[in-house]
Amino acid sequence: MAAYRDIKQLYIGGKWVQAQHYTKLHSPYTEEVIAKVPAASKEEVNQAVEAAFKTRTVMAKMPAHQRAAILEKVVSLLETNADQAAETIALEAAKPIAAAKREIVRTIQTYKFAAEEAKRIHGETLSLDAAPGGENKLAYTTREPIGVIGAITPFNFPMNLVAHKLGPAIASGNTVVLKPASQTPLSAFFIGKLFEEAGLPKGALNIVTGSGRDVGDQIVTDPRISMITFTGSPEVGIGIRNKAGLKRITLELGSNSALIIDEGTDIEKILPRCMMGAFDFQGQVCISLQRIYVHESLYEPFVEKFVEAASRLKIGDPLHPATDISALISKKDIERTMGWIEEAKQAGATVATGGFTQGNALLPTVILNADSKLKVSCQEVFAPIVLINKVSSIKEAISQVNDSRYGLQAGIYTNDLQAALNAADELHVGGVMINDIPTFRVDHMPYGGVKESGMGREGIKYAVEEMTELKLVVINRNGPK
Ligand code: NAP
């Protein structure tokens, strides 16, 4: 396989093609130029969509065992190239290499689930005689591929979130035009090479890079594309929904995820999970732990232990194996988060640790007594910032968690079964994690949000449902009438 840093071409109709225009890709950590990446023109995007449109019948007719075999081959190629794949993520996203390696392990899982799911896409038989006039009629449903899928992905899991689009799309016999985030195109090209090597028909996957406003917009509005699957910020997601017309749409958006810690919880035991939830990949995870509501009986000791652990994290080069925290994705995000921290300070909140930058990294930051109206609380911080607040009851904590525009996942640690089940009922989110952090995710579980966290579900089986059309067949057993 060619060295990943040399791949600078669009992938259209099964060919790697030179683009008319290029932009430079910089490392967020060193700021060096790491690649020149195509900025696809209107015509180039048009060619990619046309290739996907023409190939949709080839994919729709491909037997399930062949679709599964292609995905299985991608799994084995990714296993072979796992280190190089993880380095690609670390280089372009500044994801610490240990976290990048974990992402590759999950990406392999995601494609494995997709290969398995390809073989069990089926409908059901229906009892039409439940209605008068339905006697002697046999009915069944099938699931047909939707056609061309436009996939638009974010920077933060450049391999695994692409896998959550390509895996179910190929498993269910669709074709794809993929537009990865401008900061993380190399991972998308990397996986494109693996699909090519795995024998995916030419035109079934097309990769176009360039700005979201231009390339993304063209994909969203092209009538040959039947579905948009988008993962990214609520602002962009809402804009896409407004433009997509009658296209099928899945939106996986942001959050300010929260955790409740009830009295009686063993805080020593849960501390490593809470640290991981708050600071993994610099907090740039959609279900990153942003708000923690701790029962007053445990508040002081929890804060003390958490702050101590946060101040021990190692800041540095994403390619160094000991690094916990590296650069934020852009300088703009450093300015934004520093502004939000300043606003919190001005309003009387306490910065217990962090609140400073080191190079392009923001130090792990813990804020106490932050009002729910502050940006660090009510907006998505997407940075290594966590708020810890005191509550006197679970009821109060639930109402604080629900006081949000978002609703992706929430967590509660409690030894009280009734409290746990009440929280599961009352929390207005897509997924409730009992005795775990909201950041828990494995790749086959249904995943998605309510409110401004999005619509539709991923998790391969659920994404396959979104990416297929239900068709009904009725057979009149009385013969032609
Ligand atoms: P983003 O800025 O919304 O970008 C996401 C993708 O949309 C990128 O490919 C971007 O291209 C493209 N885009 C931008 N403007 C567009 C437009 N007008 N039309 C069509 N596409 C457009 O998000 P991000 O900063 O990459 O990712 C962080 C966000 O993703 C956070 O809010 C996070 O919570 C969310 N996220 C959600 C989940 C989930 O499963 N719920 C998972 C991961 C991340 P450019 O890069 O060229 O701008």
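Taken together, the values in this text are just the output of simple stated rules run on the coordinates, not laboratory data. Just so we're clear, the structure is a prediction, and the values are computed from it rather than from any experiment. When we count neighbours, we look across all protein chains shown, and the Cβ atoms used for this are built from the backbone with ideal geometry, even at glycine.
Quick notes on this structure:
- Evaluated over the stretch 117-190, the Cα radius of gyration and Dmax, each in Å: 19.0, 59
- Reduced Cα scattering model of the stretch 69-149, Debye log10 I(q)/I(0), q = 0.13, 0.21, 0.24 Å⁻¹: -0.61, -0.96, -1.05
- Expressed in units of 2.2 N^0.38 Å, where N is the residue count, the Cα radius of gyration of the stretch 297-402 is 1.13.
- Computed from point charges on the beta carbon alone (+1 for Lys and Arg, -1 for Asp and Glu), the dipole magnitude for the chain about its Cα centre is near 1780 Debye.
- Kirkwood hydrodynamic radius (C-alpha pairs) into Stokes-Einstein, the stretch 390-481, 25 °C and 0.890 mPa s, D in µm²/s: 156 µm²/s
- Centre separation in Å (Cα based) which lies between the stretch 403-467 and the stretch 274-313: 19 Å
- Where only DSSP H runs of four or more residues are counted, the chain gives -11500 deg cm²/dmol as its mean residue ellipticity at 222 nm, each run worth -39500 (n - 2.57).
- Calculated FRET efficiency for the pair Ala130/Lys471, C-beta based, R₀ 30 Å, to 0.05: 0.90
- Rounded to whole Å, sorted largest first: equivalent-ellipsoid semi-axes of the chain, Cα gyration tensor: 39, 30, 19
- Highest-first packing order for the peptide set 68-75, 330-337 is 68-75, 330-337, based on the mean count of other beta carbon atoms within 10 Å.
- Using the Cα coordinates of the stretch 166-289, the gyration tensor eigenvalues translate into equivalent-ellipsoid semi-axes of 34, 19, 14 Å, sorted from longest to shortest.
- Computed extension gain for Asp214 through Met338, at 0.36 nm per residue and net of the alpha carbon distance, reaches 41.7 nm.
- Two-site FRET efficiency, Glu296 against Phe440, from Cβ-Cβ distance with R₀ of 41 Å, rounded to 0.05: 0.95
- Order by protection proxy (mean Cβ within 10 Å, highest first), peptides 213-224, 467-478: 213-224, 467-478
- Descending by average beta-carbon neighbour count within 10 Å, the peptides 140-147, 251-258, 374-381 line up as 251-258, 374-381, 140-147, the highest first.
- Point-charge dipole on Cβ atoms (K/R +1, D/E -1) for the stretch 271-424, about Cα centre, debye to 20: 200 debye
- Helix runs (DSSP H) in the chain reaching 20 Å along axis by Cα, Kyte-Doolittle at least -0.5: 64-80, 97-117
- About the centre of its Cα atoms, the stretch 19-130 shows a dipole size close to 180 debye [charges on the beta carbon of Lys, Arg (+1) and Asp, Glu (-1) only; nearest 20 debye].
- Kirkwood hydrodynamic radius of the stretch 199-266, from inverse mean 1/r over distinct Cα pairs, in Å: 14.7 Å
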